[in-house]
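Working notes, beginning with the structure itself.
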Amino acid sequence: MHGLRGDPAGGRIARDVEAVTRRDAAAKLRGTAEFGTDLEAPGMVWGALVGSTVAHGRLRRLDLEPARRLPGVVAVVGPSELAGLLPSGKRDAERPVFPESILRYRHEPVAAVAARTLAEARAAARAVRVEVDPLPVVSEIEDVFPEWPGEEGPRSPHVIAHVRANHGDVDGGFARAEFVHREVYRTNGVHQVALEPHACLAEVNDTTWKVTTSTQTPFGVREDTAEILGLKEDQLVVDGSWVGGGFGGKAAAFLEPYALVLARACRKPVRLALTYREEFELGRTTLPSIVWLDTAVRGGKMTARRVRLLLDAGASLPGRDFATGYAIAFLLGPYEVPAFELEGYALRTNKPPFGPHRAPLAPQTAFIGESHIDSIARRLGRDPIDFRLAHVWSEGSTTPLGQKVGPFGAAEALRRAGRLAALWRKGLKPHQGVGVGVGFWGTGVGAGGEALLRLTADDLSVLQVEHDIGNGSVVVGLPAVAERVLGLPSGTVRVLTADTASAPYDSGVFGSRTVAALGQAVEKAAQQIGTTLAKRMGVRAKVRLEVERGQFFAVAGAKRVAVRELLTPDERRGGGLVVRDRHYGKPGTIDDARVREGTFYAYHDFAASVHLAQVEVDRETGAVRVMRATAFPDVGTILDPEMVRSQVEGAVVMGLGTALSEETLWGPDGRMLNPGLLDYRIPTLGDVPPIEVDPVEGFAGAGPFGLKGLGEPPIIPVPAAVANAVADATGARVTELPLTAERVARALKLL
Amino acid sequence: MSFSLATPATPDEAFEFLAQDPEATAILAGGTDLLLDLEEGLVRPRTVVSLRRLPWREIRWNGPRLTIGSLAPLADLEADAGLRRRLPSLAKAIHAVGSLALRHRATLGGNLGRASPASDLIPLLLVLDARLSLVRRGDRRELRLDEFIVGSRRTALAAGELIESVTIPAPLPSEYLWQRVRLANDISQVGVAVARGTTTSAWRIALGGVTPRSVRLPSAEKLLGPGLPAPLAMELAAQEAAQRAPFTTDKRATEAYRRRLVYVLVKRAVAAVAASADALPETPSPSRTAKKSVPAKARSTSAR
């Protein structure tokens, strides 16, 4: 299956799968698809959250009585009410439903209410009196460490993660350098901006706690919620709704525990949804960072590198040192370097908890690393693409942390980008520039999942737990895997979705893993169907399926038998031929001797992502216009060309927001200054240039047929390519994201 | 948020509603700005009087004089062939407001009545010397726009009074330039309007987005002199404009950057108007739709 390694010329895969119609299109176009904000149940009441009035403080008194007295109110729940509502099981002390004493960020939920109408619920939430003794607010990284900390760093009470790694003779590398290139970069927070806000519907009866929710991970919500509420996992049933965009923002429990507690308190179904303002104020977003990069250069090569990272983690960081190690490793990029030293801190501040955003922190770290390598190339007078080619990984390279690199299409993508850049440069006008960005990603194929396929005389279906999040990975990708294994035309395999009580386990639709990882379980289950049928037909040849007038036939060579004839009597009477399979990936290994402190990540496979962007810069105002962009995604194999195109285009648009206009702004009191789409600016159609996609095939990933996940990689190099194009156009280096016109104007020394 | 919504069918009915509870009444003339304030709880009126059934949406030329009904949706104005041909700067400024969906709702009167410091229309209407016709039961008065806008989101509109129409005495060679973080659906960090009077040849410059209240800049205007300015005069006027106004820093731009933008945009707008000085306003617009749909009579009307 994975015999496509290495040679891009010989390993090309014919595009023998034609584009398929989106199976969710009809329901979504007709408006019958039920999203989180559409959920309803008979007798349903509405929930609302009561938030902290300060970003940091000690809760003195929480007076729920004024809310209880209001009309329509059916439940008011604060920390003191929980004991009477929840089983006596152990609750996660790190994640209390409601904080009992210390409030860590503004709008942190301290109580929740439910009432017969939404307006009554909101009025009741406003009526709760929250009395707080304010504590000093740490709103920015500089409040903790005004500069890179020395020995005292790890002792700061704000440090929640500290990671270090090194390898090679770093001091010697710097001592022998012809020059050392030193830069400091900053990035700001970005929000996922899913069109649909978080929303769920909770129903609790004597035996079961059930929540239907818009989530990327029903089983993840079950695990998180069970821990938070102290329930056994099998007491809790999580059902997914259609998801109106996730982008990482719906990859963990969020509103579900509050809704369940309210439903338990009032014994009615409770619908809880965030307003869009709350989406921002409570958002689990990517937060700011400051990075120091020093690179020793000798003989036209990078010989030693030192990277230091301060990451604003907000009130908490899921995975802590794992997340910090994960982020910092991206700063070195997909480049070989003989000696390096990494050190990073994640700092607790009084912002909402940090959350993942499509390829968490990778667009930011790629912007930093790629700006840095670009400016070294320019300082050397080298072509930025040639300079990268002199360092970039290929199969068999060693990552800084000592992992062997698998098939990796970066060099091929860079060569194509170089040829296109030369063409673009021919027509370049003054104040226009071309920039390249390179990123890499280890597709999240490690997180586990199981697939259940069911074959009857006239149907083949995949049963799993997640609804599609909008990208087609569930509704197009998973069935396409089964179809390809069994030789079926597209559109013949159905996807069925069930709740956590009925569907097989899967870790979630995130990490670019749906087709790449869960798809492997589907692939293996489909292969099982093929071998089972072959056995029953008494053939050794590979069996494929055909559909004729709605009936399935198994075909092996000249032999063709109706599936009905191949099913056992029990299967015919009952549920058909049911097969299950699973995929729990094993990552590669890193060299533990290089890790000094914390956790570093070993990748399962290596996906390169190379983009080229052309920009025009207004030399008087600093305004940047992106004129065109071309992506060279290292996809391994193409399962469906339209999915590749739409994933890349969407990622470029989203990445342009990170590059040019999106940033969460915070006041010194921990208040978010732009909690809305007016001043948190995602791109509009007018801001989006023509986007071309030139996929690099033949460097096999770990997924079915050698494909690599594609949800995240194409966003990674976008800010980097834009920033490098701006530098190419102007000679000025902008060292902070996003590249607003004002920041470009400062880099151009216009103010 | 709860309020009662009144939708009077005639101006007289509207005046009645407005008189009932003037202190706690909000006027809805499109609602693209008011609804945000209602949603945020920044205003809590007991009554909202919607003007959507009132007639005032005519675009009328009387010789050079242009009168626009206050309830004309901005989308209708930007699509109006006569306006695009005879006063392209205004059509352009209107096109700069929000998004097309928003401009189908938003009205000229609503934009002026809300008196946003970042309005894309107020600076240009200031240099075009716009006047407002204000009506209330049995009473009518005319105010110049600079008298009408008294501060950030504050106007001289009296209780019970409504904007009936906006009049521009004559189209002038003029330009509106702005900058924002993104192209559409955004608030301008700076808006610069420049016009050149055809009778006095005096230059007019007004700024939006930088001061609590859009203002003309007489000291910069004077530096441009009466005729076509020399490059040095343009430079000095742009510098003067960038220094003069009381700029603010907010989340959309710092004071320093706003000054930079004013300097650049004043230079560019003056240059554009100077370059079009011979091209008088009645020059047909390059837009094909404009040519097709404008009746011959309107085309022959002198703009001066």
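Numbers for the structure displayed
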read-out	value
Identity of the residue in the stretch B:221-253, surrounded by 18 or more Cβ atoms within 10 Å (Cβ to Cβ) and within 14 Å of chain A (Cβ to nearest Cβ), that ends up farthest from the chain's Cα centre (by Cα)	B:MET234
First in the stretch A:246-267 and outside the structural domain of A:GLY508 (by TED's automatic domain parsing) and touching a residue at least 60 places away in the same chain (Cβ under 8 Å), second anywhere and in a helix (DSSP H, G or I) and among the hydroxyl-bearing types (Ser, Thr, Tyr), Cβ under 9 Å, 6 or more apart	A:PRO257/A:THR225
Qualifying residue in the stretch A:118-135 (condition: in a loop (DSSP other than H, G, I, E, B), within 14 Å of chain B (Cβ to nearest Cβ), under 22 Å from A:MET44 (Cα atoms) and modelled with pLDDT of 95 or more)	no
Count - residues of the stretch B:2-44 that are within 14 Å of another protein chain (Cβ to nearest Cβ) and in contact with a Lys or Arg (Cβ under 7 Å, 6 or more places away or on another chain)	3
Condition check for A:VAL626: within 14 Å of chain B (Cβ to nearest Cβ), under 26 Å from the mean Cα position of the chain (by Cα) and of a type in the set (A, V, I, L, M)	yes
Residue within the stretch A:421-431 that is free of Cβ contacts under 8 Å to residues at least 12 places away in the same chain, of a type in the set (D, E, K, R) and not in a loop (DSSP other than H, G, I, E, B) present	yes
Answer residue from the stretch A:58-80, given it is within 35 Å of the chain's Cα centre (by Cα) and of a type in the set (Val, Ile, Thr) and is surrounded by the most Cβ atoms within 10 Å (Cβ to Cβ) among those	A:VAL76
Check on B:PRO117, modelled with pLDDT of 95 or more, buried (at least 19 other Cβ atoms within 10 Å of the Cβ) and within 11 Å of B:SER214 (Cα to Cα)	no
Residue among A:ALA725, A:ALA702 that alone is surrounded by 24 or more Cβ atoms within 10 Å (Cβ to Cβ) and either within 14 Å of another protein chain (Cβ to nearest Cβ) or at pLDDT 95 or above (or both)	A:ALA725
Filtered residue count, the stretch A:165-180, keeping only those that are more than 21 Å from A:ALA327 (Cβ to Cβ) and either in contact with a Leu (Cβ under 8 Å, 6 or more places away or on another chain) or among the charged types (D, E, K, R) (or both)	4
Residue count, the stretch A:74-96 (criterion: closer than 17 Å to A:GLU256 by Cα, in contact with a helix residue (DSSP H, G or I) (Cβ under 6 Å, 6 or more places away or on another chain) and not acidic (Asp, Glu))	6
The stretch B:189-212, subset within 14 Å of chain A (Cβ to nearest Cβ) and small (Gly, Ala, Ser), residue farthest from B:PHE15 (Cα to Cα)	B:GLY191
Filter result (at pLDDT below 95 and hydroxyl-bearing (Ser, Thr, Tyr)) within the stretch A:165-213	A:THR207, A:THR208
Leading residue by the ranking (surrounded by the most Cβ atoms within 10 Å (Cβ to Cβ)) among those in the stretch B:254-264 that are at the interface with chain A (Cβ under 8 Å from one of its Cβ atoms) and not charged (D, E, K, R)	B:LEU261
Hits in the stretch A:275-326 (condition: in contact with a His (Cβ under 6 Å, 6 or more places away or on another chain) and surrounded by fewer than 22 Cβ atoms within 10 Å (Cβ to Cβ))	A:GLU281
The lone exception for A:ALA83 - which of (1) modelled with pLDDT of 95 or more; (2) surrounded by fewer than 19 Cβ atoms within 10 Å (Cβ to Cβ); (3) not polar (S, T, N, Q); (4) not in a loop (DSSP other than H, G, I, E, B) it fails	(1)
Some residue of the stretch A:564-578 being surrounded by fewer than 17 Cβ atoms within 10 Å (Cβ to Cβ) and either under 30 Å from A:GLY402 (Cα atoms) or touching a Phe, Trp or Tyr at 6+ places or on another chain (Cβ under 9 Å) (or both)	yes
In the stretch A:21-47, the residues that are of a type outside the set (Lys, Arg) and assigned to a loop (DSSP other than H, G, I, E, B)	A:THR21, A:ASP24, A:GLY31, A:THR32, A:ALA33, A:GLU34, A:LEU39, A:GLU40, A:ALA41, A:PRO42, A:GLY43, A:MET44
Tally of residues being more than 25 Å from B:ALA96 (Cβ to Cβ), among the aliphatic types (A, V, I, L, M) and touching a residue at least 12 places away in the same chain (Cβ under 8 Å) across the stretch B:197-233	3
Every pair of residues 6+ apart whose Cβ atoms lie under 7 Å, when the first sits in the stretch A:514-539 and is not assigned by TED's automatic domain parsing to the domain that holds A:ASN471 while the second is hydroxyl-bearing (Ser, Thr, Tyr)	none
Filtered residues of the stretch A:173-197 (kept if closer than 17 Å to A:LEU293 by Cα and either among the hydroxyl-bearing types (Ser, Thr, Tyr) or over 34 Å from the mean Cα position of the chain (by Cα) (or both))	A:GLY173, A:PHE174, A:ALA175, A:ALA177, A:GLU178, A:PHE179, A:VAL180, A:TYR185, A:THR187
Any hit, the stretch B:180-188, residues being within 14 Å of chain A (Cβ to nearest Cβ), surrounded by 24 or more Cβ atoms within 10 Å (Cβ to Cβ), more than 20 Å from B:ARG144 (Cα to Cα) and under 14 Å from the mean Cα position of the chain (by Cα)	yes
Single match in A:GLU712, A:GLU742 (criterion: crowded, with 22+ Cβ neighbours inside 10 Å, within 14 Å of another protein chain (Cβ to nearest Cβ) and closer than 24 Å to A:TYR185 by Cβ)	A:GLU742
Hits in the stretch A:146-175 - residues which are assigned to a loop (DSSP other than H, G, I, E, B) and in contact with a strand residue (DSSP E or B) (Cβ under 6 Å, 6 or more places away or on another chain)	A:TRP148, A:HIS158, A:GLY168, A:ASP169
Filtered residue count, the stretch A:654-695, keeping only those that are closer than 26 Å to A:PRO714 by Cα and either among the polar types (S, T, N, Q) or away from chain B (no Cβ under 13 Å) (or both)	12
Residue list for the stretch A:225-235, restricted to those being buried (at least 22 other Cβ atoms within 10 Å of the Cβ) and touching a residue at least 40 places away in the same chain (Cβ under 8 Å)	A:LEU229
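The values are calculated or read from the model by the stated rules, or taken from the named source; none is laboratory data. What you are looking at is a predicted structure, and each value in this text was computed from that prediction instead of being measured. Here the Cβ is made from the backbone with ideal geometry for all residues, glycine too, and neighbour counts use every protein chain on show.
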